[in-house]
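Written out below as structure tokens is the structure these notes cover.
The values are calculated or read from the model by the stated rules, or taken from the named source; none is laboratory data. Just so it is clear, the structure is predicted and the values come from calculations on it, not from any experiment. Note that each Cβ is placed from the backbone with ideal geometry, even for glycine, and that neighbours are counted across all protein chains shown. Surface accessibility is based on the protein's heavy atoms, side chains included, excluding ligands, DNA and RNA. Shrake-Rupley method; radii C 1.70, N 1.55, O 1.52, S 1.80 Å.
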Amino acid sequence: MSNDILLIAEHADSKLTDTTFEILGAARSLANAAGGQVIALLVGNAALASELGGADLVVTIDDPGLAEYTAEAYEEVLADQIRERSPHVVLIATTTQGIDLAAALSALCEAPLVSYVVGRESEGDTTIATAQIYGGKIMAEVAIDAPTAICAVITGSFPADAGRSSEAPSVEA
């Protein structure tokens, strides 16, 4: 297990989505508290990697077959990266694509899934995720002490500006 925080970067129409920057800012905060790195996985459009300056490392997975989102292809390549890198937490936005991926990656990687996350903090080696249940009527605090866990973050829960940076990240193809 590492203290790294991994996030799945999303793009549409050759642009990174605002939700990507939201979870990038959340990942930075968690990684700083845990003493790990922020690793962004960018599937299908490597040209966007330079825009992810808030990450320590951007891993690009580029192939013509991945240019457009398909659940089966994305699940396979992302699960391989999660298994290989063993991050403490994987952050995914609760977009149409993210909802598709979160449960599948949880099953493929045998990692617990916390859905509808609206807050997070670190307490030592444990990450505490605050999740909405019953349509937001109840907030549940979930302690993540598994080697790797997946958090599906509700869009709009974190400021997008926190994930934006003009610095150039390290990029690995």
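Just from the alpha-carbon atoms, what are the Rg and Dmax of the stretch 47-129 in angstroms?
Rg and Dmax of the stretch 47-129, Cα atoms, are 13.8, 42 Å.
Going 7 Å from the Cα of residue 68 in the Cα-to-Cβ direction, what parts of the stretch 1-40 have a backbone nitrogen less than 18 Å from that spot?
Residues 11-15 fall inside that zone.
Between beta-carbons, use under 9 Å as the cut-off and find the net charge around residue 30, counting Lys and Arg +1, Asp and Glu -1. It would help to have the intermediate numbers written out before the result.
On the way: positive: 28, 120; negative: 121.
For residues surrounding residue 30, the net value is +1.
How many percent of Cα pairs in the stretch 134-173 exceed 12 Å?
Details: 622 of 780 pairs.
Taking all Cα-Cα pairs of the stretch 134-173, the fraction more than 12 Å apart is 80 percent.
Going by accessible area, probe 1.4 Å, with all protein chains left in place, what is the ranking of 74, 69, 116, largest first?
I get 116, 69, 74, largest accessible area first.
Cα extents of the stretch 5-74 along the three principal axes, largest first, in whole Å?
Ordered largest first, the stretch 5-74 gives principal extents of 37, 20, 19 Å.
For the stretch 1-144, what is the percent of antiparallel DSSP beta bridges, rounded to the nearest 5?
55 percent
Hey, what did the stretch 1-134 get for relative contact order, percent, Cα under 8 Å, at least 6 apart? Mind showing how you got there, number by number?
Working: 216 pairs, mean separation 33.2, N = 134.
For the stretch 1-134, the relative contact order is 25 percent.
Express the carbon and sulfur contribution to the solvent-accessible surface of the chain as a percent, rounded to the nearest whole number, probe 1.4 angstrom. List each step's numbers first, then the result.
Values: 3760 of 7940 Å².
Carbon and sulfur together cover 47 percent of it.
Lys and Arg at +1, Asp and Glu at -1: add these up for the other residues within a Cβ distance under 13 Å of residue 60 and post the number. Numbers along the way, then the final one.
Values: positive: none; negative: 51, 62, 63, 172.
Once positives and negatives cancel, what remains is -4.
For the chain, divide the Cα radius of gyration by the Kirkwood radius and give the resulting Rg/Rh value with two decimals.
Working: Rg = 14.5 Å, Rh = 15.6 Å.
My calculation puts Rg/Rh at 0.93.
If you take every residue apart from residue 75 with its C-beta less than 13 Å away from the C-beta of residue 75, what net charge results, scoring Lys and Arg +1 and Asp and Glu -1? Intermediate results must be reported in sequence, preceding the final value.
Values: positive: 83; negative: 72, 76, 80, 100.
Taking every Cβ under 13 Å from that of residue 75, the sum is -3.
In whole Å, how far is the Cα centre of the stretch 115-173 from that of the stretch 40-102?
16 Å
For the chain, take the longest principal axis of its alpha carbons; what is the angle in degrees between that and the long axis of helix 96-109, to the nearest 10 within 0 to 90?
80 degrees
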